[in-house]
Amino acid sequence: MDGLRQRFERLLEQRNLATEALGALEAKTGVDKRYLAAGATTLLSLYLLFGYGASLLCNLIGFVYPAYASIKAIESPSKEDDTVWLTYWVVYSLFGLAEFFSDLLLSWFPFYYVGKCAFLLFCMIPGPWNGARMLYRRVVRQLFLKHHEAVDSVMRDLSGRALDVAAGITRDVLQALAHSRALIAPVAVVEGPPLPSEPTIAAFIPLSSS
């Protein structure tokens, strides 16, 4: 327990959007930010258990703050934070892919969204306990190094076939357009001598003598 408490306190000492908000609340209310963080965690867990829209809230937690932090990382001169959030998005994408096939079953469990939110928070927390970094190094990286050559070969093959199909479709469309344009082209008119003009009614009326 002491080790978890020390990790929790070290996490609260780091500078990020959540700790800055907790610090501002601590200054206004006089309540220690450790209790504020524990209370917010408890309220979030209860809402995910019994509240409406738990799936939406969980997805917002896993997307909104990481997207904001990723934009800050892009704009910062350091490349370390870029690596941190790129790693998070890789793990988040794989998790979303796995969830797509298991969500219909797992969403019926009462603690599913609490566990999902805890997992996403675990993947985005800064420091050496960052879950996304741990999962990437222990699972994703090992699979990538083992299979990336085969995946690259398949991707090259698929991209070549896609280019061939696109070129064939483009050629067929151009040929169809050229054929339809030839069909609607105007027929040339053969010019001949001008036809005599038809007599009008005035030509048959005699002029009155003056």
- Examine the stretch 100-121 for a residue that is on the phi < 0 side of the Ramachandran plot and either among the basic types (K, R) or touching a Lys or Arg at 6+ places or on another chain (Cβ under 7 Å) (or both), and state whether such a residue exists. yes
- Failed item in (1) touching a residue at least 24 places away in the same chain (Cβ under 8 Å); (2) in a helix (DSSP H, G or I); (3) within 28 Å of Y47 (Cα to Cα); (4) not acidic (D, E), with R133 passing the rest: (3)
- Item | Residue in the stretch 106-125 that is modelled with pLDDT of 85 or more and over 30 Å from A54 (Cβ atoms) present | no
- Out of Y65, Y113, sole residue that is in contact with a Cys (Cβ under 7 Å, 6 or more places away or on another chain), surrounded by 16 or more Cβ atoms within 10 Å (Cβ to Cβ) and part of a helix (DSSP H, G or I): Y113
- Does Q175 qualify as being open to solvent by 80 Å² or more (accessible area, probe 1.4 Å) and within 27 Å of G62 (Cβ to Cβ)? no
- Within the stretch 44-62, residues surrounded by 11 or more Cβ atoms within 10 Å (Cβ to Cβ) and of a type in the set (A, V, I, L, M) come out as L44, L46, L48, L49, A54, L57, L60, I61
- Message: If I ask for residues that are under 15 Å from N59 (Cβ atoms), in contact (Cβ under 8 Å) with a residue 24 or more places away in the chain and more than 20 Å from the chain's Cα centre (by Cα), which ones from the stretch 79-111 would you list?
- Response: S107
- Task: Would you point out the residue of the stretch 12-30, among those that are aliphatic (A, V, I, L, M) and modelled with pLDDT of 75 or more, that is farthest from Y68 (Cα to Cα)?
- Result: A27
- Note on the structure: The one condition V114 fails out of (1) over 29 Å from L57 (Cα atoms); (2) in contact with a helix residue (DSSP H, G or I) (Cβ under 6 Å, 6 or more places away or on another chain) is (1)
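Out of the residues in the stretch 78-102 meeting the condition of being β-branched (V, I, T) and open to solvent by 50 Å² or more (accessible area, probe 1.4 Å), tell me which one is modelled with the lowest pLDDT.
T83
The values are calculated or read from the model by the stated rules, or taken from the named source; none is laboratory data. Because the structure is predicted, anything quoted here is derived from the model rather than measured. Cβ atoms come from the backbone with ideal geometry, glycine included; neighbour counts cover every protein chain shown. For the accessible areas, the whole protein counts, side chains as well, though only heavy atoms, and no ligand, DNA or RNA atoms are used. Shrake-Rupley method; radii C 1.70, N 1.55, O 1.52, S 1.80 Å.
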